[in-house]
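What follows is a set of notes on a single structure, which appears directly below.
Read the figures in this text as sums done on the coordinates, not as results from a lab. Keep in mind it's a predicted model, so treat the numbers as computed, not measured. Using ideal geometry, Cβ is built from the backbone for each residue, glycine included, and neighbour counts are taken over all protein chains shown.
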Amino acid sequence: MAPASDSEANPYATGPLSLAIFSLARTHRALAADLLRPLGLHPGQELLLMFLWEHGPQRQTDLAQHVATDSASMTRTVQRLERSGFVRRRPSPDDRRVTLVEPTPASLALRPRVGEVWAQLERATAGDLGPVLRDEAATLLRTLEQNVGNTAMPATSPPSRKGAPTPTPRRPAPSAPGRRAARASSSPRRPDPGR
């Protein structure tokens, strides 16, 4: 009987990059959860709030597209944030059939603290990396995300609507504190932001 190859003896040997990404994403999410817990938020909910703070009231379908999740997951997230008093839903003044999600004063009061959490998360993630290495790491992670996205099965891709506006890029404006570098560590399967 032939000896087992490295990949047969250790299934992780066939996917060291995927394992590293998975491990980083799990660890990063756990730290984010610890930092956000005192604010009454779960990882992912702050991304939705940051988008609302930056862009104002949004249709729930557009929010789902922005965070690359399905409408059922977004509905649960919005309901949880609504129960916590951080968002409210109201009819659109332009089309009463459309519901808009908007941040409440309670969530606006969290904005500086969420910024501090993201700065802390960014510092923890970057560690001793200098600016050049940080930029290279962010570029590499974006490339890996694009690679995975390009080969994702249709069932895992966010739904698209014919004629829908192009979704806002998930890269933040410079004012959004460190979101991209931290977000780039997310696992290939996007978690429900409301969990």
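Yes or no, residue by residue, for (1) among the acidic types (D, E); (2) under 13 Å from the mean Cα position of the chain (by Cα); (3) surrounded by 15 or more Cβ atoms within 10 Å (Cβ to Cβ); (4) under 29 Å from R123 (Cα atoms):
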| site | (1), (2), (3), (4) |
| --- | --- |
| L17 | no, no, no, yes |
| L35 | no, no, yes, yes |
| Q45 | no, yes, yes, yes |
| S92 | no, no, no, no |
| T99 | no, no, yes, no |
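Screening the range 49-88 for residues that are in a strand (DSSP E or B) and touching a residue at least 24 places away in the same chain (Cβ under 8 Å) and picking the one that is surrounded by the fewest Cβ atoms within 10 Å (Cβ to Cβ) gives R59.
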